[in-house]
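Encoded as structure tokens, the structure appears first; notes follow it.
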Amino acid sequence: MDIIQQQLGKNSYQIIVERELLSQAGSWARKILPAAGQVFILSNTTVWPLYGPKLAASLEAAGLKTTSFQIPDGEDFKSLATLAKVYDAMAEAELERQDSLWALGGGVVGDLGGLAAATYLRGINLVQVPTTLLAQVDSSVGGKVAVNHPLGKNLIGAFYQPSLVLADLCAFKTLPQREWRAGLAEIVKYGVLAGGEIWELFQTQLPAIAARDSEASRRLVTASIAIKTRVVAQDERESGLRMILNLGHTIGHGLEAATGYKAFRHGEAVAVGLAGIARLAVRRGIFPERLCREIAEILRELGLPTAVPTQLRRTGLAQEVLAHLHHDKKMQSGQLRVVLPVEKIGRVELGTAADSEFEAVVRELCGEGKA
């Protein structure tokens, strides 16, 4: 069992990484939430049949009353309309402030459920139970909760830390291949950010990673979470350093929004964004071309896109992506703040980028310019 501590003073909590954690949920609930009464489990219609009954049974065996609510599966439902339905279900369950919301699923469930917990009764306890690789290494940790808006991803949200994160590695057994690859994109991001063990694993165990080797998977998950918790501990509310975790996300979020959150999984869009931001750094002369190629080669070997796939290209897509960048949360005083790799793997810097710099790269990624 790996236990990683997110150090945030009174908001500190543990991230538990282990197999068969769902069957231990009740005992963890009693340790972390001794005053908890009712548990409201939020999931989706895909994940609930697989893992919901096991989670509920463990909690009920510990003497906790459970209520559940499922939302449809998909990024389309990470919306204010869905959030309103969750509030209705929470009200019908008559939740009180000592009760808790357990978010069982991927990033959509975790982000939406987190925002519901943050705002219902001005805040109830939140436990994240991520079932996708992407959610385990990224969205379940750090307290960023949100829903999307037609003008941009995660525009409506808050910072709200969970009381506990249970990352059950057994959930990978039922994870579709596309979702597995999407999670790997976020781990590649951590590798570019920090180098070290993650980058070494990608260089030496790429076939095992692609094949979901259990030990390689565990090491990637724990190493990624450790990186994120160190960054969040220094900058909980993303006022400075934490912005480095957005490496590749500026272009990625623009792609997601421009395609109506239907064409790309989040990790797929991040993969394209990573390839694009590395190109931008090469153009500036601050990052070696050979490392830009290495990043792209690793992404491709993992089955991830490094540009917009041909079947998704259309006239005007690049311009739509660029328009969405101006609604990005990282805009400041009219300029887009950006994270760039610098000199080597494991080093990045925060800066700003002009529209013209992004335009050239985005047009290339969308097949409208020289690749």
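The values are calculated or read from the model by the stated rules, or taken from the named source; none is laboratory data. Not measured: the values here are computed from a predicted model. Counting neighbours? That spans all protein chains shown, and the Cβs are built from the backbone with ideal geometry, glycine included. What goes into the accessible areas is simple: the full protein's heavy atoms, side chains included, and nothing from ligands, DNA or RNA. Shrake-Rupley method; radii C 1.70, N 1.55, O 1.52, S 1.80 Å.
Which of rounded, prolate, oblate describes the stretch 53-109, given a ≥ b ≥ c as roots of the alpha-carbon gyration tensor eigenvalues and a/c under 1.5 marking rounded, otherwise prolate only if a/b is larger than b/c?
Oblate, since a/c reaches 1.5 and b/c is not below a/b.
Relative contact order, percent, of the chain when contacts are C-alpha pairs under 8 Å separated by at least 6 residues?
Taking the mean separation of contacting Cα pairs over the length of the chain, I get 15 percent.
Give me the extension gain from residue 173 to residue 327: residue separation times 0.36 nm, minus the current Cα-Cα distance, reported in nm with one decimal.
This chain segment gains 51.7 nm when fully extended.
Suppose the chain between residue 262 and residue 80 were pulled fully straight at 0.36 nm per residue; how much longer would it get relative to their current alpha carbon spacing?
Gain on stretching residue 262 to residue 80: 63.8 nm.
Students often get this wrong: which residues of the stretch 163-192 have the backbone nitrogen under 19 Å from the point 7 angstrom along Cα-to-C-beta of residue 19?
Answer for this model: 166-176.
For the stretch 101-137 and the stretch 270-295, write down the distance between their C-alpha centroids in whole Å.
33
Just tell me, in residue order, which DSSP H segments of the chain are both 24 angstrom or longer along the helix axis (alpha-carbon based) and at least 0.5 in mean Kyte-Doolittle hydropathy.
266-284
Taking 8 Å as the Cα distance limit and 6 or more residues as the minimum spacing, I'd like the relative contact order of the stretch 70-179 as a percentage.
For the stretch 70-179, the relative contact order is 25 percent.
Take the chain, connect every pair of alpha-carbon atoms lying under 10 Å apart with a spring to form a Gaussian network, then pick out the residue of 80, 55, 112 with the largest mean-square fluctuation.
Highest fluctuation of the listed residues: 80.
What are the residues whose amide H is under 5 Å from the amide H of residue 160, where those residues sit 5 or more places off or on another chain and H is modelled from the backbone?
Amide H neighbours of residue 160: 144, 145.
Which cross-chain or sequence-distant (5 or more) residues have an amide H under 5 Å from the amide H of residue 348, H modelled 1.01 Å from N in plane?
342
Of the beta bridges DSSP finds with both residues in the chain, what % are antiparallel, to the nearest 5?
Looking only at bridges with both residues in the chain, the antiparallel portion is about 45 percent.
Determine how many Å³ per residue the convex hull of the Cα atoms of the stretch 27-160 encloses.
97
Once you have the Cα-Cα distance between residue 35 and residue 87, take 0.36 nm times their residue separation minus that, and quote the gain in nm to one decimal.
Gain on stretching residue 35 to residue 87: 16.5 nm.
Where does the chain land at 222 nm, in deg cm²/dmol rounded to the nearest 500, when only DSSP H runs of n ≥ 4 count, each adding -39500 (n - 2.57), divided by all residues?
Taken over the chain, the calculation gives -14000 deg cm²/dmol.
Give the distance, in whole Å, between the Cα centre of the stretch 188-204 and the Cα centre of the stretch 74-97.
If we compute the Cα centre of each part, the gap is 38 Å.
Give the calculated FRET efficiency between residue 60 and residue 212 to the nearest 0.05, with a Förster radius of 30 Å applied to their Cβ-Cβ distance.
0.45
Leaving out ligands, DNA and RNA, what percent of the accessible area of the stretch 1-110 is carbon and sulfur, probe 1.4 Å?
Of all accessible area on the stretch 1-110, carbon and sulfur atoms account for 52 percent.
Just to verify a number: FRET efficiency for residue 98 and residue 235, C-beta to C-beta distance, R0 = 41 Å, to 0.05?
Taking R0 as 41 Å, the efficiency between residue 98 and residue 235 is 0.85.
Rounded to the nearest 10 Å², what accessible area does residue 268 have for a 1.4 Å probe in the complete protein model?
In the full protein context, residue 268 sits at about 30 Å².
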